[in-house]
Amino acid sequence: MHPKAANPKEFLESKWKHAFTTFFDLDQNGLIEWKDFKDLIEVIGEVRGRRSDFFMTARLCLPDIWQKMTEAIGKEEEDIITLSDWIQLCQSSRKSVREPAWQKAYVEYMFKLLDESGDHLVDQAEYVQVLGYFGVNRKDSSHCFDQFAFVSISEIEKY
């Protein structure tokens with residue numbers, strides 16, 4: 001059993017903090033700012049090419065995600081999102097009956113970014129490559145992918 005599994009609240013907060021620092025606070029200053037999103041757009045342009053569909057998707061989707069995130073927290077777009085704000089956002093998203101607009105937009109965007117081949121499937125190589133943009137090492141991202149794949153196969157086998 002995972003050590004944090006005994007306390008789901010602590011586990012979720014740990015997971016949310018990890019997402020905050022890994023996928024959103026790109027400059028590691030303890031805040032999520034529009035600058036972090038702009039930097040991500042630039043990284044995608046450098047890695048995938050400024051004329052690629054991935055870069056164009058990032059340029060279109062990330063401003064929308066930022067606007068929806070700040071709106072969900074009750075902040076202006078020029079404001080910042082603290083770790084406390086982020087945890088509150090994640091808690092409220094978890095309790096929501098419908099998937100919040102920011103989260104839906106982010107999940108759709110990330111899937112497009114992960115699906116490099118455009119085959120509507122994300123394989124391990126694609127997953128590992130994209131997580132590398134966020135500084136996640138190959139071993140950890142491969143392990144994470146394997147965990148998702150195992151759960152998916154296990155769930156499918158139930159039916």
From the option list K9, K15, K35, single residue qualifying as surrounded by fewer than 15 Cβ atoms within 10 Å (Cβ to Cβ), of a type outside the set (D, E) and over 17 Å from the mean Cα position of the chain (by Cα) is K9
When V97 is run through (1) in contact with a helix residue (DSSP H, G or I) (Cβ under 6 Å, 6 or more places away or on another chain); (2) not in a helix (DSSP H, G or I), the failure sits at (1)
Contact list, first residue from the stretch 50-73 and touching a residue at least 12 places away in the same chain (Cβ under 8 Å) and farther than 18 Å from E33 by Cβ, second anywhere and open to solvent by less than 30 Å² (accessible area, probe 1.4 Å) and part of a helix (DSSP H, G or I), beta-carbon distance below 8 Å, six or more apart or interchain, is F54/I44; F54/L113; F55/I41; F55/I44; F55/G45; T57/Y109; T57/L113
Result of the Cβ filter at 6 Å on the stretch 74-101, keeping first residues that are more than 19 Å from C61 (Cβ to Cβ) and partners that are among the charged types (D, E, K, R) and part of a loop (DSSP other than H, G, I, E, B), at least 6 apart or interchain, is I80/E33
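Residue-by-condition table, conditions (1) modelled with pLDDT of 95 or more; (2) surrounded by fewer than 17 Cβ atoms within 10 Å (Cβ to Cβ); (3) assigned to a strand (DSSP E or B):
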site: L40; (1), (2), (3): no, no, no
site: G45; (1), (2), (3): no, no, no
site: R51; (1), (2), (3): no, yes, no
site: A58; (1), (2), (3): no, no, no
site: W66; (1), (2), (3): yes, no, no
site: K75; (1), (2), (3): no, yes, no
site: E78; (1), (2), (3): no, yes, no
site: L89; (1), (2), (3): no, no, no
site: S92; (1), (2), (3): no, yes, no
Checked Y109, Y133, Y127 against criteria (of a type outside the set (A, V, I, L, M, F, W, C) and open to solvent by less than 20 Å² (accessible area, probe 1.4 Å)); the one match is Y109
If we keep only residues of the stretch 127-155 that are within 23 Å of D64 (Cβ to Cβ) and in a helix (DSSP H, G or I), then the residue modelled with the lowest pLDDT is Y133
L26 passes all but one of the listed conditions (1) over 16 Å from Y106 (Cβ atoms); (2) of a type in the set (A, V, I, L, M, F, W, C); (3) not in a helix (DSSP H, G or I); the exception is number (1)
Next on the checklist: Considering only the stretch 8-17, I want to know if a residue exists there that is within 30 Å of S117 (Cα to Cα), modelled with pLDDT under 95 and assigned to a helix (DSSP H, G or I).
Outcome noted: yes
Restricting the stretch 13-47 to residues that are among the charged types (D, E, K, R) and touching a residue at least 40 places away in the same chain (Cβ under 8 Å), the one nearest to M69 (Cα to Cα) turns out to be E33
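The values are calculated or read from the model by the stated rules, or taken from the named source; none is laboratory data. None of the values given here were measured: they were computed from a predicted structure. Ideal geometry is used to build each Cβ from the backbone, glycine not excepted, and the neighbour counts take in all protein chains shown. To get the accessible areas, we keep the full protein, side chains included, count just its heavy atoms, and leave off ligands, DNA and RNA. Shrake-Rupley method; radii C 1.70, N 1.55, O 1.52, S 1.80 Å.
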